[in-house]
1. Looking at residue 48, is it among the small types (Gly, Ala, Ser) and either assigned to a loop (DSSP other than H, G, I, E, B) or touching a strand residue (DSSP E or B) at 6+ places or on another chain (Cβ under 7 Å) (or both)?
2. Tell me which residues, restricted to the range 24-44, are within 18 Å of the chain's Cα centre (by Cα) and among the hydroxyl-bearing types (Ser, Thr, Tyr).
3. Does the range 7-43 hold any residues that are surrounded by 10 or more Cβ atoms within 10 Å (Cβ to Cβ) and aliphatic (A, V, I, L, M), and which are they?
4. Taking the conditions exactly as written (surrounded by 10 or more Cβ atoms within 10 Å (Cβ to Cβ) and of a type in the set (Val, Ile, Thr)), does residue 53 satisfy them or not?
5. So which residues in the range 24-44 are part of a helix (DSSP H, G or I) and either under 26 Å from residue 12 (Cβ atoms) or touching a His at 6+ places or on another chain (Cβ under 7 Å) (or both)?
6. Just need a number here: residues in the range 1-23 that are part of a loop (DSSP other than H, G, I, E, B) and within 17 Å of the chain's Cα centre (by Cα).
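Just so you know, all these numbers are worked out from the coordinates, no wet-lab data involved. Just so it is clear, the model here is predicted, and its values are computed rather than measured. Glycine gets a Cβ as well: all are built from the backbone with ideal geometry, and neighbour counts include every protein chain shown.
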Amino acid sequence: FREARGCADAIAQVFNALSKPNSATWVLEGDIKGCFDHIVIYKIIFRSFYNIIVP
């Protein structure tokens, strides 16, 4: 979300970016807020500490 911007502005930005030569061919849309409801935080913490201890 950006103040004073709407969905049409976002769609125009995506269209402009994808219409260039050699641009991406996929658009990924997701629910970031809903994503955080399903993250298992202890696995992330364990992996972070493991990467610090065992590089």
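1. No, not satisfied.
2. Across the range 24-44, the qualifying residue is only 25.
3. Those that are surrounded by 10 or more Cβ atoms within 10 Å (Cβ to Cβ) and aliphatic (A, V, I, L, M): 10, 11, 12, 14, 17, 18, 24.
4. The answer is no for residue 53.
5. Result: 32, 33, 34, 35.
6. 2
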